Amino acid sequence: EPEVTQTPSHQVTQMGQEVILRCVPISNHLYFYWYRQILGQKVEFLVSFYNNEISEKSEIFDDQFSVERPDGSNFTLKIRSTKLEDSAMYFCASRVENTGELFFGEGSRLTVL
Amino acid sequence: RKEVEQDPGPFNVPEGATVAFNCTYSNSASQSFFWYRQDCRKEPKLLMSVYSSGNEDGRFTAQLNRASQYISLLIRDSKLSDSATYLCVVNGRGGSQGNLIFGKGTKLSVKP
């Protein structure tokens, strides 16, 4: 069964460091997303991406965040200068159309010290 | 008013019990509704979509009341494996498109 894959599964970094989280969406999907979940909190939307550009972003997705689809398969989330409050589980998701089921990866846990 | 609001629980029920979860949403223009399930420290997974006429999938029944902006999930004959957090999910923009907004979830614990 096709799945969304994410790397790394866990990353520990120092405050102020840059972090890149990687995702490989399901191959025939066209819409890509990043969500995050702080421990004990709800799943929060960060950004959606379609046709090689951001289609929507939340207030959380400030200038410290960026996304890129550098080739035909990878979809990355970069945090330029991490803060303690960036510690969370980051989920990549994809779907075929802009409606319907959203398929999530297993997540990348980011710990900022 | 929060975009998607759920009773956080936890709901502690014995095996075989029937349990109901409720959810309210604030965007009256939303047209896509889902229940996702999330196991501890795992990713959310789709349990079922919610249709206007109500829909059933085995032991699970979902209902939608657009006038009240209310969604429900009923689990009959609950199993130990149903223990998880159940997330009410609604699309953020009008119509059926746009990013999905998650409720905080209702935790269910099914005991032997």
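Counting only strands (runs of 3 or more DSSP E) wholly contained in segment A:24-71, the ones carrying 1 or more residues that are small (Gly, Ala, Ser) and within 13 Å of another protein chain (Cβ to nearest Cβ) occupy A:43-50, A:53-57.
Among the residues of segment A:15-36, those that are under 12 Å from residue A:65 (Cα atoms) and over 8 Å from the mean Cα position of the chain (by Cα) comprise A:18, A:19, A:20. Where strands (runs of 3 or more DSSP E) sit wholly within segment B:1-96, those with at least 2 residues that are surrounded by 17 or more Cβ atoms within 10 Å (Cβ to Cβ) and aliphatic (A, V, I, L, M) occupy B:44-49, B:60-65, B:70-75, B:84-91. Being of a type outside the set (Gly, Ala, Ser), touching a Pro at 6+ places or on another chain (Cβ under 9 Å) and more than 26 Å from residue A:38 (Cα to Cα) holds for only one residue in B:74, B:80, B:87, and it is B:80. Of everything in segment A:85-113 that is within 16 Å of the chain's Cα centre (by Cα), outside any strand (DSSP E or B) and within 8 Å of chain B (Cβ to nearest Cβ), the residue that is surrounded by the fewest Cβ atoms within 10 Å (Cβ to Cβ) is A:106.
Just so you know, all these numbers are worked out from the coordinates, no wet-lab data involved. On a predicted model such as this, the values are computed, not experimentally measured, just so you know. All Cβ positions, even for glycine, are placed from backbone atoms using ideal geometry, and neighbour counts span all protein chains on display.
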